[in-house]
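Undergrad: This is the structure I want to talk about, given as structure tokens.
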Amino acid sequence: ENENEDGFEKSFKEMMSTLPTTKSWRGSENLFQYQGFWIHPAYLKGVVSAQQQFQAQPTDIMLCNLPKTGTTWLKSLIFSIITRASFQDSPSPLLSKTPQEVVPFMELDHAHFSTHRDLGLPVLATHVPYSSLPRSVIDSGCKIVYICRDPKDSFVSLYHFNVNIQASQNAGAQPIDLDEAFELFCAGASIYGPYWDHVLGYWEASLEHPGKILFLKYEEMVDDTVLCVVKLAEFIGHRFSLEEQQQGVPEKIVKMCSFENLSNLEVNKSGEVVRGEIQNRMYFRKGKVGDWKNHLTPEMAARLDQITVQKLSGSRLRL
Ligand code: A3P
């Protein structure tokens, strides 16, 4: 075992030293370009070890997306859909656990997830691009739920997230300014970016395997959350019965997982995900569509839109 681990460690370090790097959005950290995408060093080892070791089961559900496009929301929704029968008469675990805790993250937790399968739900979240998913995820035929979001709102959300982390890591450090982050984002140098390549990878795969990949948009979810939740439940094999629909079960789940409800729970207002760095409350900022209008100039918005149109040309996808 130890020899294997040492071997992995050694080849990982060697591999890492050959990768191109770019400035991350905070501090002196760099991002590493692995298989065409910019990965944070804290997750890179997990990506590589998951590719080598993670054995997906056909009954697994993978929640895949770029950071800041709706992970927290979808984690809480998928968890609530799957566990609804167990908590009809008792309080939902989401009142005392964060969405991050109820659905683990592949890059950090895949080994624990694999060895404790009997204890948890078969749901694992990841930000890796489609082309870097562990082979077993594709081969097992497990279900993939992908969510994307208007790049303008994702950028604004990611920018604030980084500023907040930087402030809690090091109170004195100057956070990256919006213009610099914007340039990096446009050039594709954002965490798990280029943004558009990530979205297109899953989009194309969803066209090829429609029964296997559900492709959602944050804006559509906001627009009609109940409809999306009904669709989501059906896709992951936990369809609402007619009786449940008549009893308003989908509506109850939507309410439980709403930004207003989750962001006001004590568990999400206090506590930390990563000690001294990421606080639970950082996952809840505004939860609105179009907040970019408060942060980007019309020129910046037009430029980002233009990049999006250009990158997506040739696909039928609109963001
Ligand atoms: P904003 O920064 O625009 O408010 P992720 O969960 O992928 O990290 O994404 C975080 C974004 O989703 C943040 O966007 C956050 O406010 C929003 N969000 C968190 N919980 C939500 C919920 N229950 N409903 C809608 N949006 C939510």
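The values are calculated or read from the model by the stated rules, or taken from the named source; none is laboratory data. Keep in mind it's a predicted model, so treat the numbers as computed, not measured. Cβ sites come from the backbone with ideal geometry, for glycine too, and all protein chains shown count toward neighbours. What goes into the accessible areas is simple: the full protein's heavy atoms, side chains included, and nothing from ligands, DNA or RNA. Shrake-Rupley method; radii C 1.70, N 1.55, O 1.52, S 1.80 Å.
Undergrad: Within the accessible area of the stretch 1-160, what % is carbon and sulfur when the probe is 1.4 Å and the other protein chains stay in place?
TA: 50
Undergrad: Using only alpha carbon positions, build the gyration tensor of the stretch 15-65, then give the equivalent ellipsoid semi-axes as the square roots of 5 times its eigenvalues, largest first, whole angstrom.
TA: 25, 13, 9
Undergrad: Output the relative contact order of the stretch 193-299, whole-number percent, from Cα pairs under 8 angstrom with separation of 6+ residues.
TA: 14
Undergrad: Sticking with this one: Give the cross-link partners of Lys23 among the aspartates and glutamates, using a straight C-alpha distance below 18 Å as the criterion and excluding same-chain residues fewer than 8 apart.
TA: Of all the aspartates and glutamates, those that pass the test against Lys23 - Cα under 18 Å, at least 8 places apart if same chain - are Asp177, Asp179, Glu180, Glu183.
Undergrad: While we're on this one: What three numbers, in Å, describe the spread of the alpha carbons of the stretch 31-125 along their principal axes, ordered from the longest?
TA: Each principal axis gives a Cα extent; for the stretch 31-125 these are 48, 27, 21 Å.
Undergrad: Continuing with this model, one more query. Which residue, Ser17, Ser258, Ser168, tops the fluctuation ranking in a GNM of the chain built on C-alpha contacts under 10 Å?
TA: Ser17
Undergrad: Kirkwood Rh over Cα pairs of the chain into Stokes-Einstein at 4 °C, 1.567 mPa s: D in µm²/s?
TA: Answer from the Stokes-Einstein relation: 63 µm²/s.
Undergrad: Multiply the residue gap between Ala187 and Lys269 by 0.36 nm, knock off their C-alpha separation, and tell me the result in nm, one decimal place.
TA: That works out to 26.1 nm of additional length.
Undergrad: Say a paramagnetic label sat at a point 7 Å from the Cα of Asp223, along Cα to Cβ; which residues of the stretch 278-315 have their backbone N under 17 Å from it?
TA: Inside the label zone: 288-291.
Undergrad: Also, quick follow-up: Report, by chain and number, residues whose modeled amide H sits under 5 Å from the one on Leu216, excluding near sequence neighbours (fewer than 5 apart, same chain).
TA: The list, which skips near neighbours in sequence, is Tyr146, Ile147, Cys148.
Undergrad: If you don't mind, another one. When the chain is treated as a GNM, springs tying every alpha-carbon pair under 10 Å, which of Thr71, Thr59, Thr115 comes out with the largest mean-square fluctuation?
TA: Result for the chain, Cα springs under 10 Å: Thr115 fluctuates most.
Undergrad: Can you pick out the pairs among Lys45/Lys252; Lys10/Lys311; Lys143/Lys252; Lys10/Lys75; Lys10/Lys68; Lys13/Lys286 whose Cα atoms lie more than 31 Å from each other?
TA: Beyond 31 Å between Cα atoms: Lys45/Lys252; Lys10/Lys311; Lys10/Lys75; Lys10/Lys68; Lys13/Lys286.
Undergrad: What's the extension gain from Ala85 to Asn261 if we count 0.36 nm per residue and subtract their Cα-Cα distance?
TA: This chain segment gains 61.3 nm when fully extended.
Undergrad: Compute the signed sum of charges (Lys and Arg +1, Asp and Glu -1) over the other residues within less than 14 Å, Cβ to Cβ, of Met15.
TA: Residues close to Met15 contribute a combined charge of +1.
Undergrad: Classify the stretch 66-171: rounded, prolate or oblate, from the alpha-carbon gyration tensor (a ≥ b ≥ c, eigenvalue square roots; a/c under 1.5 rounded; otherwise prolate if a/b is larger than b/c)?
TA: Because a/c hits 1.5 or more and a/b fails to exceed b/c, the stretch 66-171 counts as oblate.
Undergrad: Run the dipole for the chain about the Cα centre, Lys and Arg Cβ at +1, Asp and Glu Cβ at -1, nothing else charged, and hand back the magnitude in debye, nearest 20.
TA: In debye, rounded to 20, the chain gives about 500.
Undergrad: In terms of the Cα gyration tensor, with a ≥ b ≥ c the square roots of its eigenvalues, is the stretch 204-284 rounded because a/c is under 1.5, prolate because a/b exceeds b/c, or oblate?
TA: oblate
Undergrad: Students often get this wrong: which residues of the stretch 191-211 have the backbone nitrogen under 16 Å from the point 7 angstrom along Cα-to-C-beta of Thr22?
TA: Once the point is set 7 Å along Cα→Cβ of Thr22, 191-200 turn out to lie under 16 Å by backbone N, inside the stretch 191-211.
Undergrad: I need the peptides 284-290, 202-208 ranked by packing, meaning the mean over residues of other C-beta atoms within 10 angstrom, with the highest value on top.
TA: 202-208, 284-290
Undergrad: Full-extension gain between Lys252 and Glu29, please, as 0.36 nm times their residue separation minus the C-alpha to C-alpha distance.
TA: Additional length available on full extension: 76.1 nm.
Undergrad: Taking the Cα centre of the stretch 167-217 as origin, sum charge times position over the Cβ atoms of Lys and Arg (+1) and Asp and Glu (-1), and report the length of that vector in debye to the nearest 20.
TA: 320
Undergrad: Using R₀ = 22 Å, calculate the FRET efficiency as 1/(1 + (r/R₀)^6) where r is the Cβ-Cβ separation of Gln174 and Ala302; round to 0.05.
TA: About 0.20, to the nearest 0.05.
Undergrad: While we're looking at this one, here's another question. Mean separation of Cα pairs under 8 Å and 6+ residues apart, divided by the residue count of the stretch 13-136: what relative contact order is that in percent?
TA: Over the stretch 13-136, the number comes to 31 percent.
Undergrad: Please list 3J(HN,Hα) in residue order for the stretch 273-281, calculated via the Karplus relation 6.51 cos²θ - 1.76 cosθ + 1.60 where θ = phi - 60°; whole Hz, with x for glycine and proline.
TA: Karplus-based 3J(HN,Hα) across the stretch 273-281 equals 8, 10, 4, x, 9, 10, 9, 3, 5 Hz.
Undergrad: Still on this structure, I have one more. Going from most exposed to least, what order do Leu66, Leu227, Leu178 have by accessible area with a 1.4 Å probe?
TA: The most accessible residue leads, giving Leu227, Leu178, Leu66.
Undergrad: Along the charge dipole of the chain, Cβ charges K/R +1 and D/E -1, which of Phe240, Asn280, Ala301 sits furthest on the positive end?
TA: The Cα lying farthest towards the positive end belongs to Ala301.
Undergrad: Work out the charge dipole of the chain with +1 on the Cβ of Lys and Arg and -1 on the Cβ of Asp and Glu about the Cα centre, then indicate which of Asn261, Leu119, Ser49 is farthest towards its positive end.
TA: The residue sitting most towards the positive pole is Asn261.
Undergrad: Using a Gaussian network model on the chain with a 10 Å cutoff between Cα atoms, which of Ala187, Ala85, Ala42 fluctuates the most?
TA: Evaluated over the chain, the most mobile residue of the options is Ala85.
Undergrad: Which one, Gly70, Ser17, Ala85, projects farthest toward the positive side of the charge dipole computed for the stretch 1-91 from Cβ point charges (K/R +1, D/E -1)?
TA: Positive-end residue among those listed: Gly70.
Undergrad: Report the charge-dipole magnitude of the stretch 10-136 in Debye, nearest 20, computed about the Cα centre from +1 at each Lys and Arg Cβ and -1 at each Asp and Glu Cβ.
TA: 300
Undergrad: Follow-up question, since we're still on this one. Can you list the HN-Hα couplings for the stretch 91-97, worked out from phi with the Karplus curve (6.51, -1.76, 1.60; θ = phi - 60°), rounded to whole Hz and with x for Gly and Pro?
TA: For the stretch 91-97, the Karplus curve yields x, 5, x, 5, 6, 10, 10 Hz.
Undergrad: Let me ask something additional. Using Cα pairs closer than 8 Å and at least 6 residues apart in sequence, work out the relative contact order for the chain, in percent.
TA: 22
Undergrad: Could you tell me the distance between the Cα centroids of the stretch 24-58 and the stretch 195-267, to the nearest Å?
TA: Going from one Cα centre to the other spans 26 Å.
Undergrad: With both partners inside the chain, how many of the DSSP beta bridges are antiparallel, as a percent to the nearest 5?
TA: 35
Undergrad: Quick one: Debye curve from the C-alpha atoms of the stretch 104-238, no solvent, what's log10 I(q)/I(0) at q = 0.12 Å⁻¹?
TA: -0.62
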